[in-house]
Every structure is written in structure tokens, then in C-alpha cells.
Amino acid sequence: MKKVNLKNLFQKYAIYFVLVFEIIFFAFASDVFFSLKNALNVLRQISIVGIMAVGMTFVILTGGVDLSVGGVTACVGVICAKLMLAGAHPVIAILASLCFAAVVGLVNAFFSHEFKLNPMIVTLATLQILKGISYIVTGAIPVYGFTEKFKVIGQGHIGPIPIPIIIMIVLYILAYIVLTYTSFGQSIYGIGGNEEAVRLTGINIRKQKYTAYMLCSVITAIAGIVLLSRVNTAQPSAGFGYEMDVITGAVLGGISMSGGEGKITGVFAGVLVMAVLSNGMMMCNVTEYWQWVAKGVVMLAAITYDRIIKGGKV
Amino acid sequence: MQERDVILSLRDVSKSYYGVPAIEHITFDIYNGEIFGIVGENGAGKSTLIKTVAGAIPANGGEIRFKGEKLELKNPYEAISKGIGVVYQEFNLFPNLMVYENIFFGVEIKKNGFLDRKQMIEKSREILKELGFDFDVREKVRNLSPAFQQATEIAKCINHQVELIIMDEPSAPLTEKEVDQMFKVVRKLNDDGITIIYISHKLNEIMDLTDRVSVLRDGHYITTFITKETSENELIKNMVGREIADIYPAKELSDQEVILRVEGLNSSKVHDVSFELRKGEVLGFGGLVGAGRTEAMRLLFGADKKDGGRIYLHDEEVSIKSPTDAISHGIGLIPEDRKAHGLILNKSIFLNCLLPSLKRYSNHGFIDFKDSKKEIGEYYEILKIKATGQDQLCLNLSGGNQQKVVLEKWLLKNCDVLILDEPTRGIDVGTKQEIYQLIKDLAKQGKGIIVISSEMPELIGVSHRILVMHEGHITGELQGENITQEAIMTLAS
């Protein structure tokens, strides 16, 4: 009995142990690491990937995955930028970009649900399409020159806290509420656990899955807009490759790739673990190439751990 | 009959699952070169017996000797190398590999260290041709019809030079014509000196094909007949044997209004199924496995797409296109396979019970945890679910308790019509009795209950009226005194 409890404890809180360990390690390894300034810095750095991970969580919980998020980030930035330059009010431009993202989510859900295609392949295809669109729309040239007001989203502060961090934290709180207290959230967990059983209880699977994919794209679009505002330039390649950081964070945080398992609080910790790793290594003057290696190793370790703890469930 | 060599002998072979005996003290001999039939009702222990012989599951006790040598198999692959081949109901092939790769699995022909595919293809073709089959051995098994898959399985046995082939319900997936072909194959194998154990529900096949036949009942060996000297009726009598134990509550027949009417339900596996269900009635569906009962109920429930048919509830036609529709009209289904379809195993009892009733327990999308926990807790008590609490994962519950959770989730939903597909499969007698009482209570409350069961005593025990299905058709209706196992069997085959 005692053994089982210990296992449960590790299963539940492993990621927090890792996080604390990391912080202690880097605090000793570098004199500049352990400071409020650097803490806010880390949080601001993760805000983009952190926001995207909220959306990704919904999709992975249903048993799916969305690789197109990197493309959504770029495409949304480009579209929003072009609209603003064409004279649209920033609010209109933002809303239009979010709508575009919703359509992307709809397409992802449509192909993976209606034709029973593997969502990994479907979203890999949409990722390609979105990448292409970003370059076509911009002609591969960065777009810039927005109004000053637009900068607030990515560069503004409320008190000492950067706005991106606030957006991120609000989204985590909302996601926590939705996943824990609403019927949508509970059905999402059910669908990931056993889709057929949930279908036979009369829950509209189609609606829930479409909602999850659309939420994922729209939340990713929010990240895209924050990014656009922060760098104040729409790069057609912005956000490329982020899908891997996002998935790594979610999986590290205990979201099972087979669906139905994991908590949003864990995801936040998972994203943080990756960010602290990267930030700490930077502080210790480890080159970016070695950081990639380290991230890959951490990801492998995380998914292996997930499989071992949860048994051989595929 | 002259003295013959014994090829397989069983002495006191027993196997129980979690303390529930599936077979007990099975003892008999099988002679070299005969076709030996095994018959028995569902749950009689036939499958367990085969799996024990084939090394798929270990026996708890007793001794199995093959060609005089004590058999201690650790896994099914060892069986085939020792000379025992098994053709299971669900074929044991690799669907993603080609026919010849399956036939040569584990005994690949090699030349200079590399696979000699040419020779394997050639030889596979020869074996199949001998059996009277001619299809592309480079086809993936997944793409083959059941008959060809079965042929592949048999060819695999021959290629491994087995001396004994056990066939578990080999005719079940086949069409009538294919069955004739399979019979020829079995006789040919037998002529070549291979001993066959043939298990079937279908007594006419047993009478046709076998030299001797043994009857199992409730996990016990009953007797063995020389086939020529017995009759189908005598076999049935021995299979049924016992009196129906009085674990079934007394029935109170319903004279109330019709609650559900189904007309002309059709699909590829269900043909023109029509029936009525009254308030307070328990309507049983009898028949062999694969007769189309489950399929018919899934159509009614909207779980599968139907090609035609009308459904009336309280004399009003309703459109049911999905389980969501069915449930909103007050129909609930407790599926046959509780692990795959009934439960989310890695989720809590609470969540499993909550999901069908989400609407009732939520307010603007937010779940009322206080109310739902309280009500789920009440039924949890009534059903006497044995668990550490509502938060326990269903994964760790026993079969009986898992089934109770499935029942609970539908009780909470309070359906007018409840369909129970094999409600007591794989659960202990005590829980069975509780479930029978529950079925009776629900009927008494005025609900319409449909029960599918392959266990005939159970079907007879709980049903007011029984419809029997065969190959997708309703072949007859039995009521009152006419309900007997013999009558059901006759209609079912």
C-alpha cells in the first residue's frame, strides 16, 4: 500500500520536483540566475509557448495532437499585420485573425474526425499549407510599421508585470476552470479515455472534438498576436518549430499522448521546466546547439517516464 | 471400435479465474487419427479448455499428456512447435503480413542467411492447393475473407507439421458454401492422419463430421458418445442437463401498453427485425453468437447506421440517428463489451456515472458536483459496489463491480427502455443474482427491458417473452410454457 502511494506521489508531482531541482541547480551554477528580474524574464520568454500549450492541452486530452500551431502563429501574425497596414483598426485585425485561426481548427477537426485520419498527419499537412500561405502573403518580406498602441499587448506592463505574462496566467486559470468544472472539460477527459464508450453515453463527440481543435487554434492565435506585438514585426517564419516546444511542455507536464490524462497545472510546470532549462543554460553560457540536445533528452526522458508510470498502454 | 493410440489425454484438468472455476476436473482421452467433437452451452468451458491445452492460459491443476509426454506449455508458440495447432475463432494471424509470411512464421526458409521468399511462396501455394484453395499468397492477411484467413491458419498448421488441430467454432464466420469447403478440408486433413478436435455450437456439424463427441456443462465433463450411436436430442439433453436454478426472481407478467415498437430494422447483418415491447416487460433475445442480436440493438440505439426501419416510442415515430438521439428519447444500452464500450477504464466511477447525465447535473455548462456526487453515491450504495469510493478508477474493479458501474450510469439516466446486452458475462453468481433482481425491479417500475443473453438458463430465467434470432432474422417467438432450451436451440440453428 505504501509503495503505491509513493508511486502516486511521483506520478502526480514529479514535474514539480524536477522544477525545484532545476532552480536550485542553476541558482548555484550561476550568480545571475536567481533574481526576480530573471524570473520575470523567464516568464515573459515562455509566454508565447505557454499560451500555445493551453490550447494544445485540449487537443491532446481528446487523444489527438495539433502540429499546425507553429504555422498558425506565423499566419495569424502575417494576416493581422497586413490588415493593420491596410488600415484596419487593430481590434478588427485581431478579431479577423482569431476567426481565421478558428477556421484552421475547424479544418483540422473535420479531416481528423470525419475521415478518421490520424490527426498528426492531418495537422502536419495544414502546417505545410499555413507555412506556404505566410510566405505567399508576405512575399517572404517581413511586415512592420504598426500603430504605437498595438505594442501594448506584447511590450506593455501592468505594474512591474509584463502583459504577456498576465494574458498567459489568465488563460491558464480559465483553462483550469473549464477542464475541472464544466461538462465540456469532463467530456474531453472521457473522450481521451475511451471515445467509443463516451459516444455510447450519448455525448456529442463531434461537437466536443471540433471545439477542442478550434480552441487550440484560437488560443494559438492569441499567442501569435502577442508575439507580433512584442517583436513589432510580422515574420513569415515566426513560430516555426514551436509545436515541438509546446508538445514537449504538455507531455512533460503529465499530459498523456494517448489522451484523457493530465492536468493543466502540470502543463504550466512542464513549460516552465523547459524554459528554466534553456534560461539556466544560457546563464551558464551553454550554446544554443547544446540546449537543443538537452531539450531532446528531456523530452525522451519525459515520454519514457509517462509510459513506465502508466503501464504499457498504447 | 478397436484399441487405438491415445494422442492427447486430459486428467483432472482445472482452471479458475479469480476463484471462479471455469473448468473442473476434466478427464478424457482423444485417439490418434479421429475427429473428436466437443459441445456445450456458452460458458460450459469449451474455450477455456482449448486455451489450456494450447498453452494460451496455464491450468490450475491436472495433467495434460500429448503423445504420452507430459505437456507443460508456457506460451501458444510452443504448442505449434510441439505439434498442436489451434484454429481460433478470432484468427491468430498477423493481419499486416502476407499469407506466406504467416504460414512460415517462425520456420522461415533461409538461403545463405537470407530469407528465401521464392521458395516460401512456392511451398505456401502448394499447401493451399492441396487444401483446394487458390488465392494469392502475397496478399496481406488483413485483406482476405474469413474463409481464406482460416485456410491460411490451417496451412500454417500443416506447414508446422502438426499432428493435432483444434478448431474452435470454425464455421461461425463462414457462409454455407464455405462451410462445405471447410468440411472437405477437415476430412482431408483427417485422411492424412491428423487428429482433429472440432468444437461447435452447431450440432448438425458435429453429427456430420465427428467420430466421437464429448459434452461439457458448467465447466464439468459430462460424457462422451460415439457419434453414430447418439442423436442431436440426446446431445441437447446432456448439454442442458440441470434444472434452472432458482436464482431468478419470480416473474410478474405485464399487460400494460406498448412502449416501444420496432418495424423492419435492416442492415447488412440484421434483416427485417420487428417487435414490440411493453411497459414492465422483460423481452429476451436468444440465439447463437453472431445471430445479429447485438447488431439489431445497436441499430435501435443509433450506434450503427441502419439501412431501414421505423422506431415508435409511445406510438409516436421517432428518428434515431445516433446514441444521442436514442438517449434523449429515453433508450439506454448496456453494451456487451463493458471494457471496450461500457466504461472508460482509466477514469473514476464518478466520471463514468456522470457522463450520460451531464446535462441534468450541469448548470450553464458548469457541473453541480454536490448534487451529482450525492446521487451517484446513493446508487453506489444501493448497488453495493465494492470499491474504495467514487473516485476509484474502474480499471481496478472486478468484472462484477465494473458491470455494476455500467448499470449505475444508466440507472441514473432513468431510461424508459433499457437494453442489456449480455449483462452478466464473466461475473460471479452472487452478482448475477443481484442483477436479475434489479432487472425485475426495473420492470416492476414500468420500464421496458430488453435482455440479450447467450446463457440460456439466464435468458429463460429473466424473460417474460423470448424472440430468437438466426442469421439476422427473427425466427420465432416463445412465451410462457413454450419457453424451453430445446425450443430456443431449434429456432436458433
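Find the Cα radius of gyration of the protein assembly as shown, compare it with 2.2 N^0.38 Å by division, and give the number to two decimals. Can you show the working numbers first?
Details: Rg = 31.8 Å, N = 807, 2.2 N^0.38 = 28.0 Å.
For the protein assembly as shown, the normalised Cα radius of gyration comes out at 1.14.
Looking at region B:258-492, what % of its DSSP beta bridges pair antiparallel, to the nearest 5?
Details: 22 of 40 bridges.
Around 55 percent of the beta bridges assigned by DSSP in region B:258-492 are antiparallel ones.
Just want the ordering: B:E169, B:E276, from fewest to most Cβ atoms lying within 10 Å of their own Cβ.
On the way: B:E169 21, B:E276 15.
Result, fewest neighbours first: B:E276, B:E169.
Taking the Cα centre as origin and putting +1 on Lys and Arg beta-carbons and -1 on Asp and Glu beta-carbons, what dipole magnitude results for region B:6-240, to the nearest 20 debye? Mind dumping the intermediate values first?
Values: 29 positive and 35 negative charges, 137 e Å.
Here the size comes out at about 660 debye.
With a point put 7 Å past each Cα toward its Cβ, work out how far B:F369 is from B:H25 in nm, to one decimal.
Result: 5.5 nm between the two label points.
Arrange the following residues from fewest to most other Cβ atoms within 10 Å of their Cβ: B:R298, B:R4.
Numbers: B:R298 24, B:R4 12.
Ranked by crowding around the Cβ, least crowded first: B:R4, B:R298.
Whole-Hz Karplus ³J(HN,Hα) for region B:58-74, in order, using 6.51 cos²θ - 1.76 cosθ + 1.60 and θ = phi - 60°, x for Gly and Pro?
With the stated coefficients, region B:58-74 comes to x, 6, 7, x, x, 9, 10, 10, 10, 6, x, 9, 5, 9, 10, 8, 9 Hz.
Report the gain in length on full extension from A:I158 to A:L124: 0.36 nm times residue separation, minus Cα-Cα distance, nm rounded to one decimal. Write out the running numbers ahead of the final one.
Values: separation 34, 0.36 × 34 = 12.24 nm, distance 3.76 nm.
Result for the pair: 8.5 nm of gain on full extension.
When a footprinting reagent is the concern and you count Cβ atoms within 10 Å, what order do A:H113, A:H89 take, fewest first?
If I rank by nearby Cβ atoms, fewest first, I get A:H89, A:H113.
Which FRET efficiency, nearest 0.05, do A:T180 and B:S81 yield, Cβ-Cβ r, R0 56 Å?
Working: r = 54 Å, r/R0 = 0.97.
Taking R0 as 56 Å, the efficiency between A:T180 and B:S81 is 0.55.
From the Cα gyration tensor of region A:99-254, with a ≥ b ≥ c the square roots of its eigenvalues, which class applies: rounded if a/c is under 1.5, or else prolate if a/b is larger than b/c, or else oblate? Let's see the in-between values first.
Working: a/c = 2.51, a/b = 1.44, b/c = 1.74.
Here region A:99-254 falls in the oblate category.
At a Förster distance of 22 Å, what's the computed FRET efficiency of B:D304 paired with B:D272, Cβ-Cβ distance as r, to 0.05? All intermediate terms of the calculation are to be shown ahead of the outcome.
On the way: r = 16 Å, r/R0 = 0.74.
Efficiency, from the Cβ-Cβ distance: 0.85.
Which of rounded, prolate or oblate describes region B:11-82 when judged by the alpha-carbon gyration tensor and an a/c cut-off of 1.5? Intermediate values should be presented prior to the final figure.
On the way: a/c = 1.61, a/b = 1.21, b/c = 1.34.
Oblate, since a/c reaches 1.5 and b/c is not below a/b.
Based on C-alpha coordinates, I'd like the Rg and Dmax of region B:258-492, in Å.
17.5, 55
When the dipole is taken about the Cα centre of chain B, and only Lys, Arg (+1) and Asp, Glu (-1) are charged at their Cβ, what size is it in debye, to the nearest 20? Write out the running numbers ahead of the final one.
Details: 61 positive and 74 negative charges, 322 e Å.
The calculated dipole for chain B is roughly 1540 debye.
Quick one: if the Förster radius is 56 Å, what FRET efficiency do A:F28 and B:R360 give, using the C-beta to C-beta distance and rounding to 0.05? Mind showing how you got there, number by number?
Numbers: r = 56 Å, r/R0 = 0.99.
That pair, A:F28 with B:R360, gives E of 0.50.
Could you give the dipole magnitude of the protein assembly as shown about its Cα centre, charging the beta-carbon of Lys and Arg +1 and that of Asp and Glu -1, in debye to the nearest 20?
On the way: 82 positive and 86 negative charges, 711 e Å.
Using only the charged Cβ atoms, the result is roughly 3420 debye.
Hey, what did region A:33-305 get for relative contact order, percent, Cα under 8 Å, at least 6 apart? Let's see the in-between values first.
Working: 455 pairs, mean separation 97.4, N = 273.
Taking the mean separation of contacting Cα pairs over the length of region A:33-305, I get 36 percent.
Any idea what the alpha-carbon Rg over 2.2 N^0.38 Å comes to for region B:1-121?
On the way: Rg = 17.4 Å, N = 121, 2.2 N^0.38 = 13.6 Å.
Relative to the 2.2 N^0.38 Å estimate, region B:1-121 comes out at 1.28.
Dipole of chain B (Lys/Arg Cβ +1, Asp/Glu Cβ -1, origin at the Cα centre): which of B:V186, B:S348, B:I427 lies farthest to the positive side?
Result: B:S348, furthest along the dipole toward the positive end.
Would you be so kind as to identify which of A:G64, A:V267, A:L117 lies farthest towards the positive end of the dipole of the protein assembly as shown, taking Lys and Arg as +1 and Asp and Glu as -1 on Cβ and the Cα centre as origin?
Looking along the dipole axis, the top candidate is A:V267.
Just to be sure I understand: with springs between alpha-carbon atoms less than 10 Å apart, which residue in A:A234, A:A294, A:A93 has the highest mean-square fluctuation in the Gaussian network model of chain A?
Highest fluctuation among the options: A:A294.
Compute the Cα gyration tensor for chain A, then decide on rounded, prolate or oblate, letting a ≥ b ≥ c be the square roots of its eigenvalues: rounded whenever a/c is under 1.5, prolate when a/b is larger than b/c in the other cases, and oblate in all that remain.
Details: a/c = 1.78, a/b = 1.10, b/c = 1.62.
Oblate, since a/c reaches 1.5 and b/c is not below a/b.
Which log10 I(q)/I(0) values, to two decimals, does region A:69-186 give at q = 0.13, 0.19 Å⁻¹ under the Debye formula with one point per Cα?
Debye curve over Cα of region A:69-186, log10 I(q)/I(0) at q = 0.13, 0.19 Å⁻¹: -0.70, -1.18.
Have a look at A:T304, A:T180, A:T220 and tell me which one the Gaussian network model of chain A (Cα, springs below 10 Å) gives the largest fluctuation.
Answer for the Gaussian network model of chain A: A:T304.
Please identify every one of the GluC sites (Glu not before Pro) in region B:139-196 that sits in a loop by DSSP and has no more than 14 other beta carbons within 10 Å of its own beta carbon.
Values: sites: B:E139, B:E153, B:E163, B:E176, B:E178; in loops: B:E139, B:E163.
Listed in order of number, the matching sites are B:E139.
I'd like the distance between the alpha-carbon centres of region B:299-360 and region B:185-221, rounded to an integer number of Å.
That distance is 40 Å.
Please work out the C-alpha center-to-center distance from region B:404-460 to region B:115-157 and express it in whole Å.
45
Under 8 Å for C-alpha pairs, at least 6 residues apart: give me the relative contact order for region B:6-240, rounded to a whole percent.
Working: 441 pairs, mean separation 65.8, N = 235.
28 percent.
Under 5 Å between amide hydrogens, which residues at least 5 positions from B:G85 or on another chain qualify, with H placed 1.01 Å from N in the peptide plane?
Hits under the 5 Å cutoff: B:E163, B:L164, B:I165, B:I166.
Using C-alpha positions alone, give me the convex hull volume of region A:183-314 per residue in cubic angstrom. Working shown, then result.
Working: hull volume 17.9 nm³, N = 132.
Cα convex hull per residue, to the nearest whole number: 135 Å³.
Just to be sure I understand the model, the point goes 7 Å from the Cα along the line to the Cβ. What's the resulting A:T147 to B:N396 distance in nm?
5.9
Any idea what diffusion coefficient chain B gets from Stokes-Einstein, in µm²/s, Kirkwood Rh on alpha carbon pairs, 4 °C, 1.567 mPa s?
Details: Rh = 24.8 Å.
Roughly 52 µm²/s, to the nearest whole number.
Taking Rh as the Kirkwood radius computed over C-alpha pairs, what is the Stokes-Einstein D of region B:6-240 at 10 °C in a medium of viscosity 1.306 mPa s, expressed in µm² per second?
On the way: Rh = 18.3 Å.
Value of D from the Cα-based Kirkwood radius: 87 µm²/s.
Hand me the trypsin sites (Lys or Arg not before Pro) from region B:304-336 located in a DSSP loop with no more than 10 other Cβ atoms within 10 Å, in residue order please.
Values: sites: B:K305, B:K306, B:R310, B:K321; in loops: B:K305, B:K306, B:K321.
Of the trypsin sites (Lys or Arg not before Pro), the ones in loops of region B:304-336 whose Cβ has at most 10 other Cβ atoms within 10 Å are B:K305, B:K321.
Could you tell me how far the Cα centroid of region A:220-239 sits from the Cα centroid of region A:86-143, in Å?
Going from one Cα centre to the other spans 14 Å.
Please state the relative contact order of region B:93-160 as a whole percent: Cα pairs under 8 Å, 6+ residues apart? Write out the running numbers ahead of the final one.
Values: 72 pairs, mean separation 32.4, N = 68.
For region B:93-160, the relative contact order is 48 percent.
Please sort by residue number the trypsin sites (Lys or Arg not before Pro) in region A:116-199 whose DSSP state is loop and whose Cβ has at most 13 other Cβ atoms within 10 Å. Spell out each step's value before the answer.
Values: sites: A:K116, A:K131, A:K149, A:K151, A:R199; in loops: A:K116.
Here the sparse-neighbourhood loop sites are A:K116.
Read-outs throughout are calculated quantities, based only on the coordinates presented, and are distinct from any laboratory measurement. The structure presented is a predicted model; accordingly, all values stated were derived computationally and were not measured. Neighbour counts are summed over all protein chains in view; Cβ atoms, including those assigned to glycine, are modelled from backbone coordinates with ideal geometry.
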